[in-house]
Each structure stands twice: as structure tokens, then as C-alpha cells.
Amino acid sequence: MRTEDSSSTNTGALAPRHFDFVVVANRLPVDRVVDDDGALHWRRSPGGLVTALAPVMQEADGAWVGWHGASGETLDPFNHEGTDIIPVPLSEDDVEQYYEGFSNATLWPLYHDVTARPEFHRAWWDAYRRVNRRFAEAAARAAAPGATVWVQDYQLQLVPRLLRQIRPDLTIGFFNHIPFPPQEIFAQLPWRREVLEGLLGADLVGFQRSGDARNFVRAATRLTGASLSRVTPQLRTMVPRTQSLTVDPGLPTAHHCVAEAFPISIEVSQIEALARDPKVVDRARRIRFELGNPRTVLLGVDRLDYTKGIRHRLKAYEELLKDGDLTVEDACLIQVASPSREQVEEYRILREEIEGTVGHINGAFDTLGRTAVRYLHHSYPVEEMVALYLAADVMLITALKDGMNLVAKEYVTARVDNTGALVLSEFTGAADQLKQAFLVNPHDIDGLKSAILSATRVSRPEAARRMRSMRRQVTTHDVRGWSTAFLERLAGLAGQHQETPA
Ligand code: G6P
């Protein structure tokens, strides 16, 4: 579709095309790759969101609005393998204050149950508002009349309302990939009302867990003019089990904002195919061989983030070695910690601490031929990840708080022969679905130790019973199902904002 731009509030050059479906996310679905000769290429980013939305983008004439990951550089829109990409520029100040600051040193810790202390700085908030407006304007320019816009994650919570103000004709969805905190914690945010009103601009706000949706509804009704609506018969048919909010009339069109849980998942077919690929299976064997074929390989895979409970995991493992319940002769822990947000102070401190602890454990327990912890501060391609999943008898996920944790879903999907055991924190979204895991409270070190031992010693039939049930859950709920469910619900709500609320 080719149409003239009609929005008068836009800034900058007009986008040459308008699209019926627009995704707005902090990151683009492609990564920059610079060749040895300096040429710039784009490669599709790994990850479920990109996979889930690729077919929708193709079918619905879609575009993706996002930041390309470098500061101070403005790029023209381009097409990558059939997807239209609309890059949003961020200056060095924007990166420091909107991304590293407000997104990752204010909202991230606040939304993860203050596992680190959130910092509140007015200059960061100003940058967050400024950058959210830039994303909203880029989306408004790109969207065709009556288009659907799907905004992603905590970096862009102001976009739904801004977008509705500029383009009341749009149907707007928002999905929060991380937890939404209890009202008592959220209320610390000096700009809590503006953030809630930003989200309330959407027709549908999706969360990972129903508890997150409840937290949002409670915060919105207590801290803004929104009230729980009397659910109209029409809305009840569309959203049978959800809570719906009537938004205060400060917005151009009165509308319902529906809050509901849509637990995200992974691309099951890709992980299963790799788990059955002889090259990957062989690589898994080699990994075990290189570790000296220990009886039990334990595995942790995380972004190096303080929410992941890596410290707690290492503490429990170290105590098991000290107690003699595990020895380096029969066990090895592989800890993959992928580099993340390295400019943010808390992440630097965490890295030093984790690396110090690993050095300390290895110094105490390694022998010349064996290591207690094989620590890898790298990211790996998905083939290597699946080989690691196949090599691991016990997967350790000990997050203190996690929106979902897709590693848990990838691990069970990769265990196509129903072997292996998953130790899983109850504070992850995945725990709602993977109930046959060895569920733990990672703060309870004794409980964590005994769960690790139970997982290490579980009988084959018991392990198979648990794994079969978890695999059934994930293989019947993959990421395509997630995006379809969200977008169908959103389509059902399209146009309802034209009506007078109940
Ligand atoms: C989490 C967030 C994503 C984010 C990712 C990586 O999964 O929900 O929005 O993209 O972490 O973090 P980064 O800061 O590198 O984008």
C-alpha cells in the first residue's frame, strides 16, 4: 500500500510507505555485522520474538520500528529478507540516559522486585519521555489508516498513549516481556502515573503471568483515574476471563484497556530439529568428553544479570562440594554467562563478583584433570546451545525474578528422549507452566541444595515422567501460538474504543 502521510504531528522526513501492521520494539529484529573489509550487513537476530512475528510480518505487510544498537547514527529505512525495517536513532546521551539509565537502572530493578536498588533520576526520565516520543512518532508515520501497532516491552511504556494521541484510528497492543511489580513496589516510581497512563493508551496490554496482569490492574486503578469497568456483554464475549479497565477521558477517544496474560514461548520446531541433528548430538558427546565424562553435567545459561540468581546457584553448588555430596570427579557445572549491559554499574559489579566466586570455587576444588565450574562469558549460536542442553543432565534455573525464562523451555524441548532434569525457580513465569520441574525458592540455599541433589539422583522413570509432561506443555504452546493468541484478541478488540465506555 502506498499512501501520503497524513499525520500533522510528525517530525522529520516522511516514511515512503505505510503499513497495516507495525511492531515497535527497542531493538530491531536484525543485528549489524561488519565485514573484515568494513562493509555493513544485517543478520536476523536470534530469539523467539523475531521468529514469532516473521510470518505475521510477511502476511500483514508489516514493518518493524526499533533501535539498531549503535549510538549517534541515523539510518534510512531498509528491507531485510522481506521485512521492512525502520531504524530509530539514539544519540550517546539517549543511550546513556534512556537505555542504560531509565530502562536498565530504574525500571529493570524496580520491575524485578528490587533485586538491585533502582535509581531515580529526573534527567533519565526526561530522556525516556523524549525517546518514547521519537518511537511513537516513527510508528505513527509508518502506520496505514486503521493499522495495528504492537509495542514491545518496558523500554517503551509511554508509546501506546502517545501513539493514540497522534493516531486515534490505530488499534494498539502492548506486551510486557518482564514482570509487572506489585503496586507497593511500583508506587516508588516518581513518574508512576505517567507510566501507567502510557500503558493504558493500548487496547490490549499483555503480560507473562496472570499475577502481572493483576498487579497492573491494581496499580492502574489505585494510582490513575482509571477504574475497573462494568464489563459490557460485548466485551465479556471477547475477553471472557480477563479484567478490563475503562480509561479516564483524558485521551482522545474513551476506550477499554484490557489486561491479560499471554505466556510467551519458543520456536519448538527449530530446537527439536537441532536436538535430532547428528552433528549437534555429536557435539554434545564431545562436550562431555572434553569435561572428562563426569557422571553428572550441570548447566546454567543466563545473561549475566543480577536477577538470574547466579550467586545463589554457585553458593549451593559450592556447599554441595564442601559437604562431599558432589565431587569434581563425578560432577561439573558449566555456567554460560552471556555479556549484557556492560556499561551499567550493577552489571560490572556482578561480573566481578561472579568471576571472583568461580575462581574461588575452582581454586578450592579443581584437580589437575577436573574442574568444578567451567565458566564461559560468551554468547553462543543456537546450535551450540542445543548441544549444551543435550550434554546437561541437570539444568539449573535459579532466577530471583524472571518474566518468563525461555532457557527453561528450550531445555525441555531439546530433551527429545525425555531424559534430564530441570531445577526451576518458582519466581519465573515458566514455573506456571513447567510444574513437573524441581521447583525451588533460590533464596532457600538448603532447599536449593536438596533440589539439586534430587535432580542429580532422580531415577530414569521418574525423570522421564516429569520431562514428558513438561515437553507436552511446551510443544503444544509454541511462540507462534503466543503471537496468534495475542493478535487475535487484539483484532477482537479493534474498534471497541470508538464506543462509549460502560
Ligand atoms: C530482556 C528484555 C528484552 C531485552 C533483553 C536483552 O529479555 O525483556 O527487552 O532486549 O532482555 O537485553 P538488552 O538490554 O541487551 O536489549
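The values are calculated or read from the model by the stated rules, or taken from the named source; none is laboratory data. Predicted model only: the values in this text are computed from it and were never measured. Every residue, glycine as well, gets a Cβ built from its backbone with ideal geometry; the counts of neighbours run over all protein chains shown. These accessible areas exclude ligands, DNA and RNA; they are computed on the full protein's heavy atoms, side chains included. Shrake-Rupley method; radii C 1.70, N 1.55, O 1.52, S 1.80 Å.
Summary of computed values
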item	result
Unique residue being of a type in the set (Gly, Ala, Ser), touching a strand residue (DSSP E or B) at 6+ places or on another chain (Cβ under 8 Å) and within 15 Å of the ligand (Cβ to nearest atom) when the list is Ala421, Ala392, Ala399	Ala399
Total residues in the range 337-357, condition more than 15 Å from the ligand (Cβ to nearest atom) and either open to solvent by less than 50 Å² (accessible area, probe 1.4 Å) or closer than 22 Å to Val440 by Cα (or both)	3
Search result, residues across the range 105-161 that are open to solvent by 10 Å² or more (accessible area, probe 1.4 Å), in a helix (DSSP H, G or I) and within 16 Å of the ligand (Cβ to nearest atom)	Ala105, Trp108, Trp124, Gln155
Residue match in the range 319-329 (condition: open to solvent by less than 50 Å² (accessible area, probe 1.4 Å) and closer than 24 Å to Glu383 by Cβ)	no
Tabulated pairs, the range 149-162, first touching a residue at least 24 places away in the same chain (Cβ under 8 Å), second of a type in the set (Lys, Arg) and away from the ligand (no atom under 12 Å from the Cβ), C-beta under 6 angstrom, 6+ apart or interchain	Leu162/Arg133
Number of the condition not met by Arg192 [criteria: (1) in contact (Cβ under 8 Å) with a residue 40 or more places away in the chain; (2) basic (Lys, Arg); (3) in contact with a Leu (Cβ under 6 Å, 6 or more places away or on another chain)]	(1)
Failed item in (1) assigned to a loop (DSSP other than H, G, I, E, B); (2) more than 16 Å from the ligand (Cβ to nearest atom); (3) in contact with a strand residue (DSSP E or B) (Cβ under 8 Å, 6 or more places away or on another chain), with His177 passing the rest	(2)
Yes/no for Leu396 being more than 16 Å from the chain's Cα centre (by Cα), touching a residue at least 24 places away in the same chain (Cβ under 8 Å) and assigned to a helix (DSSP H, G or I)	no
Any pair with Cβ under 7 angstrom, 6 or more apart, that starts in the range 322-341 at a residue that is more than 14 Å from Ile354 (Cα to Cα) and ends at one that is away from the ligand (no atom under 15 Å from the Cβ) and of a type in the set (Asp, Glu)	Val328/Asp366
Candidates Asp478, Asp432, Asp417 - the one that is among the acidic types (Asp, Glu) and more than 30 Å from Ile172 (Cβ to Cβ)	Asp417
Any hit, the range 218-232, residues being within 30 Å of Ile166 (Cα to Cα), surrounded by 21 or more Cβ atoms within 10 Å (Cβ to Cβ) and modelled with pLDDT of 90 or more	yes
